[in-house]
1. By counting other Cβ atoms within 10 Å of each Cβ, how are K166, K11, K113 ranked from fewest to most?
2. How charged is the neighbourhood of I158? Take every other residue with its Cβ under 12 Å from the Cβ of I158, and add Lys/Arg as +1 and Asp/Glu as -1.
3. Debye sum, Cα scatterers, region 74-167, no solvent: what log₁₀ I/I(0) at q = 0.18, 0.24 1/Å?
4. Given a Förster distance of 41 angstrom, what is the FRET efficiency for D152 paired with I32, based on the Cβ-Cβ distance and rounded to 0.05?
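No lab work stands behind these numbers, since they all come straight from the coordinates. All values derive from a computational prediction rather than experimental measurement. Positions of Cβ are generated from backbone atoms using ideal geometry, with glycine treated the same way; all protein chains shown enter the neighbour counts.
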Amino acid sequence: METTFRKRTSKATVKVVPRPETLNKELMLGGIIQGLAVTMRHFFQNVAREKPEVTINYPEERLKYPLRNRGLHRLMHREDDSVRCVACMCCPTACPAHCITIVAEETGNGNEKRPAIFEIDELRCIVCGLCVEACPCDAIRMDTGEHMHVVDRRDDAILGKVDLMKRGISSTAVQGGEPNWQERVKTVPDPRFR
């Protein structure tokens, strides 16, 4: 079974049509003049402005952050100054950047565990706050109001359990929720139905 190929001898013709270019387009004067006009307009608007623009000298002066600002992580304490985390693995599961590492250990109590290792790689963290929302026992928060500090080496940006607990305070949250919340809800009228 032999196959033979034939060459086609037909040729397509291409017609080149020259475009008439103007001197303005060749020298790009129109674009340059438009750009300079925009620059000069902004310059004179800023010079003639009555109220000067506010500039903050950042390291020395800082703006007040909003209440929902997400800063560095911190681990909350219990009344006996132990870590509030029960190593349920909700925060590393919810983290899209996979920057949280928890290794659980037994506490001696058969109902509860605690983290032997709790590390957060702040360089990988995308500051989404999903770990805070996923935590069922209010163990992790991001309300420190601090930014990640500059580091020279990558491993300096990995914050361990001790570093995270230094920023934390004793949590006032009630585990299991607020008792008798149904009565409080019944007494407070809903503003939507007024």
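1. Working: K166 10, K11 6, K113 17.
Starting with the residue having the fewest Cβ neighbours, the order is K11, K166, K113.
2. Working: positive: R124, R153, R154, K161; negative: E119, D121, E122, D155, D156, D163.
Overall, the nearby charge balance is -2.
3. Taking Cα atoms of region 74-167 as identical point scatterers yields -0.80, -1.42.
4. Details: r = 45 Å, r/R0 = 1.10.
Calculated value: 0.35.
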